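The structure appears below as structure tokens.
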Amino acid sequence: MHRHFIIFKPYNFLSQFTYNLKRNKKLLGELHDFPEGTMAIGRLDEDSEGLLLLTTDGMMSEIVRSKKVEKEYFAQVDGLVNQEEIEKLKSGVEIGFKGTRYVTKPCEARILIETPNFPERGKKIRDERHGPTSWLSITVTEGKFRQVRKMTSAVGFPTLRLVRVRVGNTHLGNLQPGEVMEVESFDV
């Protein structure tokens, strides 16, 4: 019988269980005693936080990583975003991927009116003396390397903090950084 987990991947953790280079890195196995064969479905880079799905079922991993499943991110960006940049994000922007230029597929994007109520991050982002920030919701069905960060930069607003809040119909909810919850299956 396969097992499934949802976790709030903290900032500064790798989305993997082993790391062969000699640098000291924090790995998912430090958060919980996962069964053998557990794998992360997709990844969040070391600087990103939020919802990460883990499973012992390779077929489930394929389903969740498909382009039919939406992934929603809340991004805190440098500066005040207006609707013009949102429209650019929605229609697709050109980013670099594996040494070539790539235009992202159309996506959902909107400015968040209220600041999300996330726990403070271990490393301070910056303070208000450096100018205003905006929070955006960006929902994509593809997942290129650091794609959301590259998208916000492409419209002139570098990402300061990135938190995945939803995969399909599975939500981060009230999980806290480092918290692990075993579930029956994923609602995708």
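Quick rundown of the values:
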item: Arg149 surrounded by 17 or more Cβ atoms within 10 Å (Cβ to Cβ) and within 20 Å of Leu14 (Cβ to Cβ); result: yes
item: Condition met for Gly156 (at positive phi and assigned by TED's automatic domain parsing to the domain that holds Pro35); result: no
item: Subset tally (residues that are of a type in the set (Gly, Ala, Ser) and surrounded by 13 or more Cβ atoms within 10 Å (Cβ to Cβ)) for region 105-122; result: 1
item: Index of the failed condition, Trp135 passing every other in (1) in contact with a Pro (Cβ under 8 Å, 6 or more places away or on another chain); (2) surrounded by fewer than 12 Cβ atoms within 10 Å (Cβ to Cβ); result: (2)
item: Residues of region 47-71 satisfying the condition of being free of Cβ contacts under 8 Å to residues at least 40 places away in the same chain and in a loop (DSSP other than H, G, I, E, B); result: Ser66
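The values are calculated or read from the model by the stated rules, or taken from the named source; none is laboratory data. Please read all numbers here as calculations on a predicted model, not as lab measurements. Don't worry about glycine lacking a Cβ; one is built from the backbone with ideal geometry, like all the others, and counts go over all protein chains shown.
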